[in-house]
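Student: One structure, as structure tokens, below. Some questions next.
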Amino acid sequence: MRVIDLIVKSVDKLGGEAELEDIYIEVNKFRETPEPSIRARLYEHSSECDAYKKNNPDLFVSSDGKGGGKWRRRIKQPSDTTTWLDETIDISLFKVGNLYKKKDIRAISGLSESKGPREPWTGIASLANAQLLFVNLDKTDAEEDLKFNDFFDASDFFWEARNRDTLETTYIKKILEGIPVYLFCRLNKKGDFVYVGSLNPVNYDDKASPMQFHFELLELQEEPNESLYELYNWKPNEIVRMPQISVKKENSNRKSTNGFIRDLKKKELVELHAMKKAYEHYTILGYEVDDCSGLRNLGYDYKCSKGTEIIEVEVKGTTLDGSHVLLTRNEVDNARTTANRADLFIVHSQDILINEGEYSVLSSSINLIENWDPKEDDLESLSYSYRVNH
């Protein structure tokens, strides 16, 4: 989940208006997040601020005027067009397994009313803090170019994007950047939608046409009601060919293989703890730390600047002893070719405490490799791509 999504949740939880210090505290109840990151995201989503980015949703306003310390959610003004890009949804108002019509979803969420006779919904609805997917599983009556291969397999959900979508499509980019994704699904277009819950994007294949996504169901019901049971067990045919993203290992975009940790909450904690330790380390040394982890194919997580000096830091977190870490080709290539100093910051041997389903880090160790220049002898191939000559 992005920092901006945590800020929205925090301000809502604080009653829609709060002092900046209270927002810091509330966001960090969800996960450890540096105060400068919270402040920057807040300013970037408020049109009153010089740091506002015009393409961002205009979500917040200073209650005390520019430079004030209290912030509240901005109330959307009525307009002639219906767009929800600057509106948010409280997903806690919906229950997994319950049936909803699209007009009910709009009303329950308090979204702007439709300006015309038709509901302004498609199969993909973009909001400021969420991406909603509306899926009809049975495409028997659909047009040929709309017969996407969408189905469940235990805790996995396989979904195909629209034919014209690419990695540059706005909602695809938002999904890959970590915006929360929620699924409303039904067997066919005649019934109401069942709220299935949160989805975690595990893997994707942008070489397939259309693009394929492999999601993990975060709220899988072990004892589903009748509506969910039908969805979980529906398949397009008696014999189903699993998408390649479910099995391929080489060139994988899969996000849950590092350390082979399947549990999403534990994996996120390990990564965030490592990022926090690295941030603290370089901040104490007087560097200005810029979080670049959300930028695709860059090859490092933090850009640390002090005067003319720049350090590009790749951060790795693991519960193991840190003697081995998984690297991407981009990370290795950047360390070898960058004109700046490259560091590898490893936070290993993380001791995880589980208390009533919640995780926390009791202790960890740090191994910092400055001026990191990975040698070929130190790299171990875990898989190969073999080109067959016919």
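Since every read-out is calculated from the coordinates, none of them should be taken as a lab result. As the structure is a computational prediction, the values presented were derived from the model and not from experiment. Note that each Cβ is placed from the backbone with ideal geometry, even for glycine, and that neighbours are counted across all protein chains shown.
Student: If the cut-off is a Cα-Cα distance under 20 Å, which aspartates and glutamates reach residue 103, setting aside same-chain residues fewer than 8 apart in sequence?
Tutor: 80, 86, 87, 90, 113, 119, 192
Student: State the answer as a single residue: which of 59, 14, 34 lies farthest towards the positive end of the charge dipole of the stretch 3-73, with beta carbon charges of +1 for Lys and Arg and -1 for Asp and Glu, about the Cα centre.
Tutor: Checked the options; the winner is 59.
Student: Ok, one more. List every residue whose amide H lies under 5 Å from the amide H of residue 124, counting only residues 5 or more places away in sequence or on a different chain, with H placed 1.01 Å from N in the peptide plane.
Tutor: Here the answer is 134, since their amide H atoms fall under 5 Å of that of residue 124.
Student: Going highest first, how would you order 189-200, 283-294 by mean Cβ packing within 10 Å?
Tutor: 189-200, 283-294
Student: Of the listed pairs 53/101; 13/190; 29/70; 76/265, which have alpha-carbon separations greater than 26 Å here?
Tutor: Check vs 26 Å cut-off fails for 53/101; 13/190; 76/265.
Student: What is the set of long-range amide H partners of residue 74 at a cut-off below 5 Å, with H atoms built 1.01 Å from backbone N?
Tutor: Sorted by chain and number, the residues that satisfy this are 60, 61.
Student: Ranked highest first by average number of other Cβ atoms within 10 Å, how do 134-140, 268-274 line up?
Tutor: Output ranking for 134-140, 268-274: 268-274, 134-140.
Student: Would you mind putting 159-165, 70-76 in packing order, based on average other-beta-carbon counts within 10 Å, highest first?
Tutor: 159-165, 70-76
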